[in-house]
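Notes to accompany the following structure.
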Amino acid sequence: MNMKITQLDGWKLMAEYDGVSLVSGQVTRDSDYNGMSPGKLMTAGLGLCTGMHAVTYLTKHNLEYSDLEITMGTVGAGNPARYREFTMNIELKADLSEEHYNGLLEECNRCFVGNTMRGTPEIKIDIKTV
């Protein structure tokens, strides 16, 4: 995957991939934010991925449910600035047996984004000037 990030104006940036774009940032440090901040986008990515896995499990097992909602929480840490904890509270209307509850929890822990975060990926940066 190759995603393109371009500066629009000031700290306002756009990410583009496969015909879809997303804008995040602000023109100046004092202006309103446009979209979610990068940290909140990361949190949203974790929640969205987990939600997709929850739906996959519930659908695969033909379980009746409604009103699936995930509330994300974070705890920050400093030096270096980062999140040190993510919490997800998943609520849904369903009558789950203990077996399906455990299966749903296991499936939610298969999320690609969560697995990537738990794996401490290597991040390589190359700077080219033209």
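Here THR56 passes the criteria (1) polar (S, T, N, Q); (2) under 13 Å from the mean Cα position of the chain (by Cα); (3) farther than 20 Å from ASN2 by Cα except the one numbered (2). Scanning segment 61-70 for residues that are farther than 18 Å from GLU106 by Cα and within 18 Å of the chain's Cα centre (by Cα) yields no hits at all.
Of all the listed residues (THR120, THR129), the sole one being hydroxyl-bearing (Ser, Thr, Tyr), within 20 Å of LYS4 (Cβ to Cβ) and either not in a helix (DSSP H, G or I) or not assigned by TED's automatic domain parsing to the domain that holds LYS4 (or both) is THR129. Is at least one residue of segment 24-46 within 16 Å of GLU91 (Cβ to Cβ), of a type outside the set (Lys, Arg), assigned to a helix (DSSP H, G or I) and not assigned by TED's automatic domain parsing to the domain that holds ILE5? The answer is no; no qualifying residue exists.
Within segment 1-36, the only residue that satisfies the criterion of being surrounded by 12 or more Cβ atoms within 10 Å (Cβ to Cβ), farther than 21 Å from ARG82 by Cβ and without any contact (Cβ under 8 Å) to a residue 12 or more places away in the chain is MET14. Looking only at segment 78-118, residues that are over 15 Å from the mean Cα position of the chain (by Cα), surrounded by 15 or more Cβ atoms within 10 Å (Cβ to Cβ) and small (Gly, Ala, Ser) come to 2 in all. Within segment 54-82, the only residue that satisfies the criterion of being among the polar types (S, T, N, Q) and under 10 Å from LEU92 (Cβ atoms) is SER66.
For the structure I just gave you, tell me whether GLY39 is in contact (Cβ under 8 Å) with a residue 24 or more places away in the chain and either surrounded by 13 or more Cβ atoms within 10 Å (Cβ to Cβ) or of a type in the set (Phe, Trp, Tyr) (or both). It is true that GLY39 is in contact (Cβ under 8 Å) with a residue 24 or more places away in the chain and either surrounded by 13 or more Cβ atoms within 10 Å (Cβ to Cβ) or of a type in the set (Phe, Trp, Tyr) (or both). Scanning segment 76-125 for residues that are among the polar types (S, T, N, Q) and closer than 20 Å to MET52 by Cβ yields THR87, ASN89, ASN102, ASN109, ASN115, THR116.
Does any residue of segment 101-108 turn out to be over 30 Å from ILE5 (Cβ atoms) and of a type in the set (Asp, Glu)? Yes: one or more hits.
The values are calculated or read from the model by the stated rules, or taken from the named source; none is laboratory data. Just so we're clear, the structure is a prediction, and the values are computed from it rather than from any experiment. Using ideal geometry, Cβ is built from the backbone for each residue, glycine included, and neighbour counts are taken over all protein chains shown.
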